[in-house]
Amino acid sequence: MSFTKTKVSTSSNAGPGKVRNWLGRFEWKASPYLYVAPFFLLFSVVGLFPLFYTAYIAMRQYNTLTGDSGLAVCGATCGSSGSVGSWFGNFSWVLHQPAFWDALRNSFSIFLLSSVPQIIIALWLAWVLNANLKAKTFWRMGVLLPYIVAPSAAGIIFSQIFSDKMGALNVLLQQFGMNPIMWHGTPFWSHIAIATIVNFRWTGYNTLIFLAAMQAIPHELTEAAVVDGAGKVRTFFSVTLPLLKPTLIFVIITSTIGGLQIFDEPQMFHSGTSGYGGANRQYLTVSTYLWNLGFNNVTIGQPNLGRAAAVAWILFLIIVAIAILNFCLTQRLATSGEAKSKKKKGRA
Amino acid sequence: MSMLNNQQKKQSSDILGTNGQKELGVPAMEQVYGKSVARAAARKRNLAVTSEGRSPGWGSYAILVIVILVFLLPLYYALSIASQDSTSTQYGVEALIPGGSLFRNIGRAFGAISFWQALGGTLFVATFTSCTTVLFSTLAGYSFAKLRFRGRGFLFVFVIGTMTIPQQLSVVPLYIMANKAGLFGSLWAVIIPSLVTAFGVFWMTQYLQDALPYELIEAARVDGASMLRTFWSVAMPAARPAAAMLFLFTFIAQWTNYFWPMLILGPNKNSMLIVAAANLKGAYFTDYTIIMGGVVLTTFPLILLFVFAGRQLVAGIMAGAVKG
């Protein structure tokens, strides 16, 4: 609206020549598109085109060294003896691999083991921080510190803490007379260890997001609850938590997208020089599987990139499915949208 | 009953809030305002709730100190392993006691990852992509937030939609494209896919919507400034706080990024810090003193950055929900 006004004022200033006027109007019309152009140009080259190109490669026998050699073939793995290609050959090959299903199971398990405790601890820490503390910024910075440690670096450090034979934790356990835990040996314990690495980096980050949302809740509400006879716990669960719902959903969605893509931590957690994901694929994740399939295990004759592309598409579809599921849940649960919009103005 | 309570609560909170020094005691309150007011005041005092928020006890500080110590422990462990005199003490609890060879081990790691080259590469990639991300995101964000054009709504939804695309999806084609373009092993192959992010556009749009009044743009136009001039001298200064935060987040994300650089740098492992440090793990798998030396070398510059810019980071995360 305000722009029509401006437009009128520029055209009434018409001045020297028609050309300048025309140029001005052209600039006015074109510049919004010119400004968004760099993003969309770059995105179409490094984002959109690859999206379709992956879909294409996923249907081909594409090898790193020999390139494209025709339509994908699933062959003996799928029980068909012929070498007739099909569009979904790589997909069915991947879905016939026990390793893929292990990887999917591990990714989900690590994701759950990391995000559930992470969100609970972050909520609790945010509640602790949401008080009249002295030196607020200091505590907030302290909680955020692990965020600047690279996941791969954290993975290296924790691989020593969780080392099977001589790890710091196992030595401590033995000194208390307990049996050492084979952190790398079993799916469950390795998932706990990897989830710990993830939590180390992201708990403080999520704490600050929750803290910002908590600060947007008016004090009168909690005060009123206290006066009406609610204790600390009751106030938290009946007043604070419901108002945090939009933020909570946001954090859950983002940690789903990030959690299912996890690669650096399990890769660095692995202690050997060869192999990946553990001897019995205890901590093989979908991303690690993709890397091994497409980039680590490169031999001539294998459609390695084609299969990796198929894995990437399956992962993408799973993430989209979960995002839609989350969205539906959001629609049902988000009774109060205020907290999130107010959050931005939270006192930092 | 509860309405009555609320009214009385208001009175009592006025009394408690306005004259902090001359607070009435609970028994006195009972005399003046009646039993329920006194009870409410007592509850509020017991639970330490004031109109400025909950006042923390020593327990809050204790919890925070413990949490920060737990967060520091892995970093200390890395430093302590890196300081061991020999590999015989690099494991378990023994490694928690610092040795005297920190600088010797860091020096070895320094040479093994050719630190200056790796640091230069990382700095170049992180700075370059942060600058372009900020510039392009501010341009697009300004356009989305403040200019009207056909297709704006659709394009913006499209930008948000692209944020759900996982990195893995573009890895295979980007790998093929980079190889065909002859960029395998080059830093440009790391830079080009990260020149701008959908998140950056979203972030700047959100910020500029509130921070830049239409009147300012109008005034610039009336004064005869061209569109580009308006952007440069009105929108850019208004966007500065958010731009600084976006710069920091992009910088850290690029610094800590491992998956794509590891894939595309191939044999040139020492051209970026994180990849070089991760590579130490494979090359010296029995000698953790040098591996941790590498970890310390890659983490220390960011800790330094954190000391100076941590306040900004905290404010940035709290100002908008950021992740990635």
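Just so you know, all these numbers are worked out from the coordinates, no wet-lab data involved. Note that this is a predicted model, so its numbers are computed, not measured. Don't worry about glycine lacking a Cβ; one is built from the backbone with ideal geometry, like all the others, and counts go over all protein chains shown.
Using amide H atoms built 1.01 Å from N in the peptide plane, name the residues 5+ places from A:Arg60, or on other chains, whose amide H lies under 5 Å from its own.
A:Ala72
Under the rule a/c < 1.5 gives rounded, and otherwise a/b versus b/c splits prolate from oblate, where does segment B:174-258 land using the Cα gyration tensor? Kindly include the intermediate steps, with their values, before the conclusion.
Values: a/c = 3.68, a/b = 2.19, b/c = 1.68.
Since a/c reaches 1.5 and a/b is larger than b/c, the shape of segment B:174-258 is classed as prolate.
Given axes a ≥ b ≥ c from the Cα gyration tensor, I'd like to know whether the protein assembly as shown is rounded (a/c under 1.5), prolate (a/b larger than b/c) or oblate.
Details: a/c = 1.76, a/b = 1.14, b/c = 1.54.
Note, shape of the protein assembly as shown comes out oblate.
Counting partner chain Cβ atoms within 10 Å of every residue's Cβ in A:158-165, what's the average? The partial results should precede the final answer.
Details: counts 3, 3, 12, 6, 0, 3, 0, 2.
Average per residue, whole number: 4.
Select from B:Val157, A:Phe250, A:Val143 the residue farthest towards the positive end of the dipole of the protein assembly as shown; place +1 on Cβ of Lys and Arg, -1 on Cβ of Asp and Glu, and compute about the Cα centre.
It is B:Val157, whose Cα lies furthest towards the positive end.
In debye, nearest 20: dipole of chain B around its Cα centre with unit charges on the Cβ of K, R (+) and D, E (-)?
Rounded to the nearest 20 debye, it is 700 debye.
Mind scanning A:Lys134/B:Lys35; A:Lys134/B:Lys146; A:Lys136/A:Lys232; A:Lys136/B:Lys281 and naming the pairs with a C-alpha gap bigger than 29 Å?
Details: A:Lys134/B:Lys35 34 Å; A:Lys134/B:Lys146 40 Å; A:Lys136/A:Lys232 21 Å; A:Lys136/B:Lys281 38 Å.
Among A:Lys134/B:Lys35; A:Lys134/B:Lys146; A:Lys136/A:Lys232; A:Lys136/B:Lys281, the Cα-Cα distance tops 29 Å for A:Lys134/B:Lys35; A:Lys134/B:Lys146; A:Lys136/B:Lys281.
Mind checking which of B:Gly107, B:Gly200, B:Gly293 has the largest fluctuation in a GNM of chain B, springs on alpha carbons under 10 Å?
In the Gaussian network model the winner is B:Gly107.
Got the relative contact order for chain A handy, in percent, Cα pairs under 8 Å and 6 or more residues apart? Don't jump to the answer; show the numbers that get you there.
Numbers: 410 pairs, mean separation 86.3, N = 348.
Relative CO of chain A lands at 25 percent.
Compute the separation of the alpha-carbon centres of segment A:202-216 and segment B:193-227 and state it in Å as a whole number.
For segment A:202-216 versus segment B:193-227, the Cα centre distance is 27 Å.
Counting Lys and Arg as +1 and Asp and Glu as -1, what is the net charge of the other residues whose Cβ lies under 15 Å from the Cβ of A:Pro98?
Working: positive: A:Arg105, A:Arg281, A:Arg307; negative: A:Asp102.
Its environment carries a net charge of +2.
Tell me the mean residue ellipticity at 222 nm calculated for chain B from its helices only (DSSP H runs of n ≥ 4, each -39500 (n - 2.57), averaged over every residue, nearest 500).
-23500 deg cm²/dmol
Nearest 10 degrees is fine. How inclined is helix B:115-146 to the longest principal axis of chain B, computing both from alpha carbons?
Approximately 50 degrees, to the nearest ten.
Cysteines without a disulfide-compatible partner in chain A, using Cβ under 4.7 Å as the rule?
So far as the 4.7 Å Cβ criterion goes, A:Cys328 stand without a partner in chain A.
Whole-Hz Karplus ³J(HN,Hα) for segment A:125-139, in order, using 6.51 cos²θ - 1.76 cosθ + 1.60 and θ = phi - 60°, x for Gly and Pro?
Listing the rounded values in order: 5, 5, 5, 5, 6, 7, 9, 6, 6, 7, 6, 3, 4, 4, 5 Hz.
What is the Cα centroid distance between segment A:296-320 and segment A:82-156, reported in whole angstrom?
21
Show me, for segment B:163-176, the HN-Hα J-couplings you get by feeding each phi into the Karplus relation (A = 6.51, B = -1.76, C = 1.60, θ = phi - 60°), rounded to Hz, glycine and proline as x.
Values, residue by residue: 5, 8, 6, x, 4, 4, 5, 9, 5, 4, x, 4, 4, 5 Hz.
Can you list the aspartates and glutamates whose alpha carbon sits under 19 Å from that of B:Lys180, skipping same-chain ones fewer than 8 residues off?
Once the sequence-local aspartates and glutamates are set aside, what remains near B:Lys180 is A:Asp68.
Pick out which of A:Met59, A:Met182, A:Met214 has the largest mean-square fluctuation in a Gaussian network model of chain A, springs linking Cα atoms closer than 10 Å.
A:Met182
Using a cut-off of 18 Å between alpha-carbon atoms, which aspartates and glutamates can reach A:Lys18, once sequence neighbours fewer than 8 places away in the same chain are excluded?
By straight Cα distance, A:Lys18 reaches A:Glu27.
Nothing charged except the Cβ atoms of Lys and Arg (+1) and of Asp and Glu (-1): what's the magnitude of the dipole of chain A about its Cα centre? Round to the nearest 20 debye.
Working: 25 positive and 10 negative charges, 300 e Å.
Rounded to the nearest 20 debye, it is 1440 debye.
Work out the length of the dipole vector of the protein assembly as shown about its Cα centre, built from +1 on the beta-carbon of each Lys and Arg and -1 on the beta-carbon of each Asp and Glu, and round it to the nearest 20 debye. Can you show the working numbers first?
On the way: 48 positive and 21 negative charges, 386 e Å.
Using only the charged Cβ atoms, the result is roughly 1860 debye.
Using a/c under 1.5 as the rounded threshold, could you call chain A rounded, prolate or oblate? The axes a ≥ b ≥ c are square roots of the C-alpha gyration tensor eigenvalues, and prolate needs a/b larger than b/c, oblate otherwise. Numbers along the way, then the final one.
Working: a/c = 2.25, a/b = 1.09, b/c = 2.06.
The shape class here is oblate.
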